[in-house]
Every structure is written in structure tokens, then in C-alpha cells.
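Have a look at the structure below, then the notes.
The values are calculated or read from the model by the stated rules, or taken from the named source; none is laboratory data. Predicted model, so just to flag it, every value in this text is computed and none were measured. Note that we place each Cβ from the backbone using ideal geometry, even for glycine, and neighbour counts take in every protein chain shown. Just the protein is used for accessible areas: all its heavy atoms, side chains included, with ligands, DNA and RNA removed. Shrake-Rupley method; radii C 1.70, N 1.55, O 1.52, S 1.80 Å.
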There are 6 protein chains.
Amino acid sequence: MICRWIDRSMTYDGSQLSAHWILSETGIVGDALVAFRGPCKVRRDEIADLADIDGPGIAADDMVHFVWEAFSDTGLMLGVHRQRLLSATALEVLRGMRPDLIARRDGDDLFVGDGKLSISIATVTPVSCLIHFAVNATHGGAPVRIAALSDLRVDPRAFAESLLAQMASEQASIAEARCKVRAKGEWAR
Amino acid sequence: MICRWIDRSMTYDGSQLSAHWILSETGIVGDALVAFRGPCKVRRDEIADLADIDGPGIAADDMVHFVWEAFSDTGLMLGVHRQRLLSATALEVLRGMRPDLIARRDGDDLFVGDGKLSISIATVTPVSCLIHFAVNATHGGAPVRIAALSDLRVDPRAFAESLLAQMASEQASIAEARCKVRAKGEWAR
Amino acid sequence: MICRWIDRSMTYDGSQLSAHWILSETGIVGDALVAFRGPCKVRRDEIADLADIDGPGIAADDMVHFVWEAFSDTGLMLGVHRQRLLSATALEVLRGMRPDLIARRDGDDLFVGDGKLSISIATVTPVSCLIHFAVNATHGGAPVRIAALSDLRVDPRAFAESLLAQMASEQASIAEARCKVRAKGEWAR
Amino acid sequence: MICRWIDRSMTYDGSQLSAHWILSETGIVGDALVAFRGPCKVRRDEIADLADIDGPGIAADDMVHFVWEAFSDTGLMLGVHRQRLLSATALEVLRGMRPDLIARRDGDDLFVGDGKLSISIATVTPVSCLIHFAVNATHGGAPVRIAALSDLRVDPRAFAESLLAQMASEQASIAEARCKVRAKGEWAR
Amino acid sequence: MICRWIDRSMTYDGSQLSAHWILSETGIVGDALVAFRGPCKVRRDEIADLADIDGPGIAADDMVHFVWEAFSDTGLMLGVHRQRLLSATALEVLRGMRPDLIARRDGDDLFVGDGKLSISIATVTPVSCLIHFAVNATHGGAPVRIAALSDLRVDPRAFAESLLAQMASEQASIAEARCKVRAKGEWAR
Amino acid sequence: MICRWIDRSMTYDGSQLSAHWILSETGIVGDALVAFRGPCKVRRDEIADLADIDGPGIAADDMVHFVWEAFSDTGLMLGVHRQRLLSATALEVLRGMRPDLIARRDGDDLFVGDGKLSISIATVTPVSCLIHFAVNATHGGAPVRIAALSDLRVDPRAFAESLLAQMASEQASIAEARCKVRAKGEWAR
């Protein structure tokens, strides 16, 4: 999996969560995870999570966005597990940067106190699995109570680079693990 | 997913990582995660991870063992992601019990300082996906430098019950998430 | 699988055979089979079976409709088998209510004499498998010769409740069966 | 799917439920359903259904056996659906031969009154899906209360030929149905 | 797989690479490979290969077109392998007709000298796998340097019929091979 | 896919066609294709192709062997397509080295005149897809009429290196192709 930081600021409006957006934006061919900074304003027709459709909207002025597209092993069940592992790893990276951080993961969401630090969705296209995960960089523009990296004095770019590196490393180790394990048979009774 | 603590102490020798062992041992039918306490002494012919075959052996006198068998969505790639998420969740549970804990996850392994706290393997059978994850309860019997729950003053049974509850909850939320998300199309260009 | 009768009468126009319609209509999350009573008037652009596109149209004034969406194991081959089993079970339920019934199943269709008692289609969405099955409650409005539950003096609601219960029970037993069977090897020669 | 009656009487001992047994026995290459008459005496080590291992044994003196091996679409979930549809079709065939028959299907089992008419199992091999289904031809040798085709005055060979023909026809229609159906999208809201 | 030559000349504009086009055009139900002769002028919105979107366009005045739709085993990875095997077989057929032919295959493209002899794409629909492969029959209308069957003095119809026959034969032998091979276990160490 | 020539001569006896043999022999982790030179003497219990079991045996004194193990996309249908593409590519490589070569591919077999130049099998393990392909280097030891690279004055090592390079390149291009293609919808009618 190729992981890359995109310098250019972009507004995430949901259309980025589409097949081949990473290819079009960056020229990367293959499984990839990219990150960039910018506002979030998801258009209602691009909302993928039906639980959010009648909600307060998905928006914030300043977030660090991650978009992950995988063309191999594209099932939605695996996609949601990838998403959860990404969220868990994000929390681990934050704790590596701020060892005294009190935060928690609830499914695909991270919370600091009662402030929601992140948003996320995992879905599929006919050719790939797609994940969006984003962490508030600073405050402003959100329809719910949020927490932000600025509260934690964590630099958004440093956090993103660290998470990208960690994900690249873990996906490589997962690919290796799959190739080194023996199948098992039936329990003898 | 049914999660259950097994009171009876058992030695984990690797044969438990076989299709239908949970069914035979507990009568549970279906996807399940069970935990029990006991020694670990994996027989060489039961070692699933080929990276361990020429290693120092897999053993410890007192561990909390988790065995997970899933009959739905049984691919090995998903299996390894389930395993990683289990490891990450174990660390989150430990931090919930000891907020000042300094520990880290490296793939499927947990470390406290330079002591290895856990072991794990994910594999497949012709009908299911199987995961073993175990955490040292106390010291003794291991061929490598380890850390143990006793170092952290964490009760093994309480830890296990908490992790079982957390995994049951997350698997339920994953199953729900899969049913609420819209597929996405191609990026318009 | 959650099975539910919907009291509200609705016209089935084909749009109900879409991903997440059950969720939107009932709030049920996950694999589900719902039933309701109402007219059938499938819009040409919603016809899924290409064999029907140039046919006489799909319509009837009063039917008992079943809509089934499955998010797990979503292949079309399995979908068509689910559909056939649903049709076969419908016939079994009818015979349980009218032991002297002379009727037959031909693929996904039920016939009483030369009257077509039912219509059905199985298809897929990017996230699920979808099945529509409907049985004529009373006569009227159909472009072909039909039979109806009224001919058999079978109450549509009672039939629907019975079929829903039977399907829930069989799907549960299928899920169990999958988790209790050993794989087999090669024939020794 | 090739369907064939095997004239030679054979004892079904469970070893026939193995990959490529049909190929070895008949020379048929590909998805096939074969039937033959003979005793049933399943060796304990060949029992596939773990629910039967501690049971009274699987035996009868005179049965009509069906063995089905499918190399395409080999998932166990589909396999169990194929099995259920085979059982349901067997009942339909019997009712076609004896319209006044009072019998019922409970999952993969057929009953006449409180007599068990049939046995069945569905499982997988690394290369295929396998199903055994057998109906008692005459009485004798069974460890439980059974019903038999002789009670119904149904000729075993005629029943087998009719069921083979029906299954061949339905599998052909299922294969066709898969190729004529349009996928559906998301429900518009 | 049914293979058929279509006598009627048609312009390939990319819309033929859609689910059920073969069914609509020919009435063939099931996996099929059809061929016809005609111009090629792919509309930009029908271009499937993103690598071609900003290219010189996909056009030629006179080609032999092959369209392949497979409803069984529809994964894209398999689809691309089918495509490559089709290209390789086309070259073998040409060499069978012109043993002294100097040509080469580069992925899915055939070249004679520096002239591009063919174009191709493999993709998926929600219900099938689709492949387009076309060979220049005569010169004219192409935006790049091409070679054509006329250069080789190969009759387009004869070539098409020969390739269709070869593909039908190989797909049959592939289907057979799948049903005659034993699975293997783990290497003993 | 990692491709590597193994200098050490080894006898291929069929046991090499087992999960993780490449890993054990070479230390390569992941999808790999390796080649080596040596005799061929397949033990009867290691024969994977049931069509060969009652045949004259699989043996030759001096062959160039290729063993391919793929852990991603492991279905047998894809495996057989990979095998056919490997055979086709081998012929292309030979023609690149001897442009005047008259040879033909028949499924997975290559022939020069009436001499069989190669043998091959594709199968699966519970964790991978496995392919063996071998070409006679010199004459001797075969139970059937063969052709050999020595007849063609082709150096076995040079041929192997060239085929390894070609396969690595094509698999890379296949992986790329999968990530650059848009899915297509339904044909408008």
C-alpha cells in the first residue's frame, strides 16, 4: 500500500470517496492511503452512511483527511475491519505523541472527553473498497461538540505522516503474515 | 458473536486452534470468542506460524487465552485484520484499566517496555477462520523476555471479561455498519 | 434474519427492490424479510428480469408481497437458491394450510392448475442480495391467467405470517448447520 | 449439472462424500448428481455432521442415495441451500407421485407422520461442495423410527429418476436466471 | 461458453461493453464470446480504461471485434487473466495461419513491428465480467500507427471463426481441468 | 510477484507442489515463481491431476521446473487461467529465442511436432494457489514421446530467466490494469 501526504489543501465533500479518485488526484496506481488537510462539507447526496442522512450534517472547518482505496480483497466486511484498525491505529499514534492523552475509541469514532475527534465511513465500489477517516485539526464549523488536534497540541501534518507510516508498515506486515501461516484441520475427538 | 469465559483451566497446546474446538468444548454453535486461563505449551506440529517453527518455542506457565472461530466471512486476509483489531482492542482495554500504562502494539504483539506481553496467530480451516491470542498473566516458563498482567496489577479474569465484552460489542457494531452504508460509484471527471 | 409483517398497504412498483429499502421503510438493520399487502404495478425501468421486459407487464390488484434483503453472503447464485427455497417453502406452507391443495412449483413460480399464483425475482445490489416474491391475494388486474389465495380460501395475512415464521426458522437452522459440519478430504484410491 | 442413476448397488459408508468420488465411480467430469440404491452404514470417522457424532449412528438396510458434487460456486452457505432445495424438491416429487401424501420437510429432513423418511448432510472439500441425501426405500436396520418409500407404494428407482430429472431441470433454470437479471441500485430517498 | 460470429456489421462505440448486451443482441443466455466486424469509435464516456481517457482516442475504420461476457467467476483479477489469455490465443491463431509471422504480445496488446494490431479492455459489471478485444482488419481511421490483418493477408472472418473455436475449446478444457485436480496440503518439514 | 532462479539442482517429485514449499526452500515471503533444473519423478501419492493417476507416470531425467505459489486471489478457476497464461508465455519466450520455431500450445501443454515439450498442473491448498510447469531440457527418462529444449538449441537457464522476467512483468501489468479500469453498468434498452 502506497501512503502519501498531499500538500494541497482540499475541501472534502464526499465526492473524493469514489473509485479512482486517488488515481485521478495523485497518479498513484494500486492500493493507496492518502492524507490532506482542509475543510469538510459532505454534500447530502454523497453521504454514504444512511445513519447520517437525517443527521445534523457532516462538516468542520479544518480537518486532516485520510482516503484509502483498496483494489485487492474488496469485501465490505474486510473494509469495515480495515476502517476500525485505522481508527485504532490513529489513537495509538496520538498516544505515542502524547503519552498522557485520555481518549477512547468507540467503533470507528475517537473521542476526547465528550468531544468527537474524528469521523469515518467505509464503503465499496464495484471495483474497490473505500474508507474516509478524518480528524479535527482545529475547532470551528462542526454541527456537534468536537475535540481537535489543537486541543492536544498535536501538529496535524506530523500526526498524518506518522499515521501514514504506521499504516504502511502494518499493511505490509499483514500481507506477510498471510503468507506464512499454515492452515489447520479439524479438532480430533 | 458469542463471547464466553471458560472457568476450567486448560493448557493451550495448539490443538485448540482447530475447527469446531469451541463447539466441542462449550457447545456454542456459531461465531464465538472464548477465553480461559492456563499454561501455554504449543506442540511443534501444531505451530501454525512458519516463522515460529525454528524459534525458541511457544510456551509460558500462566496465560489468559482467547480462541476465536468465525464461520462467516472466513478469508485469511479478514482473519488477520480481525486478529490485529483484537490485539489493538486488548491494549485499549488495558489502558482503560490502567490509564497510565505505557505499552505498545507492534502488529499482533503487545509489548510493555522490552517485555513481550502477548502471542497471537490467525489462520484458516476449510470451514472457518481461527485466531489465538494470549496474554501473560504471571511470569515463568517463557523462552523470551516477557511482561505479564501481574506487572500491571491487572486481574486476568477481569481483563478477559472486559475484552470479551468489548469484542462482542464491536463485532455487533461492525455487522450493523455493513448494513447501513451505500455503495459509491466512479469519480466524475 | 428478522422477519416482519408490515401493516400498511403499499403498491409494489419495483423500486422496493433496491438496497436499503427495508431499512428506510422499517428501520430494521441487517438481513431481513418483510411482507405487506397491496397492488403490484412494476414500472418498466424497474423490471429486473430481462425476460420480462418485452412481456405483458407485471401487475395485479391485490398481492401479498415479500421483500428479502441479505447483506451477508450476497452472491447471485446463492440469491437464486434462496429465492427457489422461498418459493418451495411458500408451497409447503400453503399445503400445511390446505392439505388437499393441488399446486406445483416450476422454478420460482407457483401454479394452481393453469393459473399463475406467484411472481418472483432475485437480483443483487453492490452491497446486498435482493428477492421479491409475491402471491396473488384476490383476482383482478393481472395481464395473464392467475390463481389467488382467495380461490384456496387462504387468508393472506395468515399465510404471510406463517411463511415469515417458517423462513426465519429455516434460515436459523441453515446458519447453524454451516457451523456444525466437518470438511471432507479426497476420496482414497 | 449431469444427473445419472447408477445401477450397481453400493453401501454408503460416508467415504462416498469425498472429493472426486463421482469422477472415480462414474467418470463424470464436472458438477454432477448421482443416485444409487443400497444400505447405509456411515463409519464414525466419516460422519460429517458433528451433531450426529454422539448420536445413535447413521444406518439403514435399504436406501436410495443421492450424492451431489459441485465444483463451481462451492461456498458452504450455498451448499446448505442446495441441500435444502434438494430436500424440498424430493418432497415435491413424492407429492407428484402420491398427491394425497401427508408429509413434511423440517430443514433437510423429510418426515411421514413421526417416521423419518430421509437423512442428509452438506459439506465442503477444498475443491468442491458435497451433498448426501438419502431416502429409506424399505424398512430395517435404522436406529430410529423411520418411514420408507415402501409405505407410500413409491418405486425407489422411479422416484430417483424423477428427482434427478427435476434437479437437472431446476439447476439449468437457476443458471439461466443468473444470466438474465439486472442488478439494482440504491433506493432513492 | 457459447461462441458466435455475428454477420451484421456494427460500430463498436463502447456501449456494447455493458451487462447483457450480448443477450440483447443475440439472445444468447450465459457465458458467451461473440465477434463481428465494423468500425470502432469509442465515446469518451464509455471509455473504461482510465489510462485512455486523456489519450488520442480509440478509433479505427475497420476492425474485428470480440465481446466476452462471463456470469460465472466474475472477479476482475480473473477477468484480466481471461483477457490476456484471449490476446495470447489470438496471436497463436494468427501464427497458425501465418507460420512466418513476426509479431509479439505485450500484455493485452498485439504488435507487428511498431504497428499496434489490437486494442483491449477487461472490466466488471455488478453481475458479470466483460472483455473487449479487437484487431484491425484494414487500415484507416486510427489515431496511432497500426498494423492490420490485411498486412498479413489474413481474412478477418476466418481469423475470427478460428479464434472463437479455439477459445470455446480452451474454456471447456479449463472447466474440465478444475474438476479433475486434487487439492494439496502443507509441505512436510 | 517475486521471480527467482534457484541454482541448486533438485528432483521434482510432486512434494514441491505444497503450500509454503517456496518459503521453506528460498525464504521468499509472498506470491512467487521460482525455477530450477533437475529430474522429474512424481510420486503416485503426490499426483494432483486425477487424469494422470492411471497413466504411464510423470517422469523425465532433465527438466526446467517452475513452481508458482500465489496467496492472493487463490481460486482454482483463476489458478488454471494463470497456468494457461504461463504456458502461452513460455511458448512466446521460446519463439522470441527461436523465431522460426514451429510449436503449438494445447491447453497447458506445449508440443513440438508430436513430441510433448512440457507438463503442468494447477491446484489449490487451503491458503494458496499452486502451479507446476516444466519443460524438458534434454531427452531421457520420459514414458511418452517428448521434445526438449536441446532439440531447439535453447539454453535451459536462459529460457528460464527469460520466462521468469516475462511473468514478473506481466503479473505487474495485470495488477496495474485491475486498478485503472472503470466498472460498467447495464446496457441501455
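Worth a mention:
- Label-to-label distances for A:Leu101 across copies, nearest first, come out at 1.7, 5.8, 6.1, 6.1, 6.7 nm, using points 7 Å from Cα in the beta-carbon direction.
- Net charge dipole size for chain A [Lys, Arg +1 and Asp, Glu -1 on Cβ; Debye, nearest 20]: 560 debye
- Signed unit charges on C-beta, dipole axis of segment F:1-105, positive-most listed residue F:Leu78, F:Ile102, F:Gly38: F:Ile102
- Label point 7 Å beyond Cα along the C-beta direction, distances from B:Asp114 to other copies (nm, shortest first): 4.6, 6.3, 7.3, 7.3, 9.0
- Candidates D:Val127, D:Val42, D:Val112, ranked by Gaussian network fluctuation over chain D, Cα under 10 Å, top entry: D:Val127
- Pairs beyond 20 Å (Cα-Cα), from A:Lys180/C:Lys184; E:Lys184/F:Lys116; C:Lys184/D:Lys41; A:Lys41/A:Lys116; B:Lys184/F:Lys180; E:Lys116/F:Lys184: A:Lys180/C:Lys184; E:Lys184/F:Lys116; E:Lys116/F:Lys184
- Measuring from each Cβ of chain F to the axis that turns chain F onto chain B, the shortest distance belongs to F:Pro126, 3 (residue, then whole Å).
- Neighbourhood net charge (10 Å Cβ-Cβ; Lys/Arg +1, Asp/Glu -1) for E:Cys179: -1
- Using θ = phi - 60° in the Karplus curve 6.51 cos²θ - 1.76 cosθ + 1.60, the 3J(HN,Hα) couplings for segment C:124-136 round to 10, 10, x, 10, 7, 10, 10, 9, 10, 9, 9, 10, 5 Hz; x is entered for Gly and Pro.
- Chain C against chain D buries an accessible area of about 4800 Å², both chains summed, 1.4 Å probe radius.
- Radius 12 Å from Cβ of D:Arg153, net charge of other residues (Lys, Arg +1; Asp, Glu -1): -2
- Cα centroid of segment D:107-171 to Cα centroid of segment A:110-150, whole Å: 56 Å
- One quarter of the surface of the convex hull around the alpha-carbon atoms of the protein assembly as shown equals 43.4 nm², the direction-averaged projected area.
- Here each label is just a point 7 Å from Cα along the line to Cβ, and for C:Asp155 and A:Ile53 those points are 3.5 nm apart.
- Which of F:Pro143, F:Gly113, F:His132, positive extreme of dipole for segment F:76-189 (C-beta unit charges): F:His132
- Our summary gives chain E a relative contact order of 23 percent, counting only alpha carbon pairs under 8 angstrom and 6 or more residues apart.
- Comparing A:Gln171, A:Gln83, A:Gln16 in a Gaussian network model of chain A, where Cα atoms under 10 Å apart are tied by springs, the biggest mean-square fluctuation is seen for A:Gln171.
- Residues whose placed amide H lies under 5 Å from that of E:Val124, excluding near-sequence neighbours: E:Leu130, F:Lys184
- Of all accessible heavy-atom area on segment B:44-143, the percent that carbon and sulfur account for (1.4 Å): 49 percent
- Dipole of chain C [Lys/Arg +1, Asp/Glu -1 at C-beta], most positive-end residue of C:Thr123, C:Cys3, C:Leu23: C:Cys3
- Looking at segment C:109-165, the trypsin sites (Lys or Arg not before Pro) that sit in a DSSP loop and have at most 15 other Cβ atoms within 10 Å of their own Cβ are C:Arg145, C:Arg153.
- Qualifying trypsin sites (Lys or Arg not before Pro) in segment A:1-91, DSSP loop, other Cβ atoms within 10 Å at most 13: A:Arg8, A:Arg43
- The GNM of chain F, with springs linking C-alpha atoms under 10 angstrom apart, assigns the highest mean-square fluctuation among F:Leu85, F:Leu50, F:Leu164 to F:Leu50.
- Only Lys, Arg (+1) and Asp, Glu (-1) charged, at Cβ; segment D:1-99 dipole about Cα centre in debye: 340 debye
- HN-Hα J in Hz across segment C:155-171 - Karplus 6.51, -1.76, 1.60, θ = phi - 60°, x for Gly and Pro: 6, x, 5, 5, 4, 4, 4, 5, 5, 4, 5, 5, 5, 4, 5, 5, 4
- For C:Ile146, residues with placed amide H under 5 Å, excluding near neighbours: C:Lys116
- Estimated inter-spin distance, B:Thr138 and A:Ser173, nm [label 7 Å along Cα→Cβ]: 3.0 nm
- Distances from A:Met10 to itself in the other copies, using label points 7 Å out along the Cα-Cβ axis, amount to 3.7, 3.7, 4.6, 5.0, 6.0 nm in increasing order.
- With protein chains left intact and a 1.4 Å probe, residues in segment D:47-189 average 33 Å² of accessible area per residue.
- Principal axis box of chain C, alpha-carbon based, largest edge first, Å: 59, 39, 33
- Charged neighbours of F:Glu69, selected by a Cβ distance under 13 Å, balance to +1 (K, R count +1; D, E count -1).
- Test item: Cα-centred dipole of the protein assembly as shown, Lys/Arg +1 and Asp/Glu -1 on Cβ, debye: 0 debye
- Helix-derived mean residue ellipticity, 222 nm - over chain D, DSSP H n ≥ 4, -39500 (n - 2.57), to 500: -9000 deg cm²/dmol
- Each residue of segment C:39-52 was assigned a 3J(HN,Hα) from its phi angle through the Karplus curve 6.51 cos²θ - 1.76 cosθ + 1.60 (θ = phi - 60°); the sequence is x, 10, 8, 7, 5, 4, 6, 9, 5, 8, 7, 5, 5, 9 Hz, with glycine and proline shown as x.
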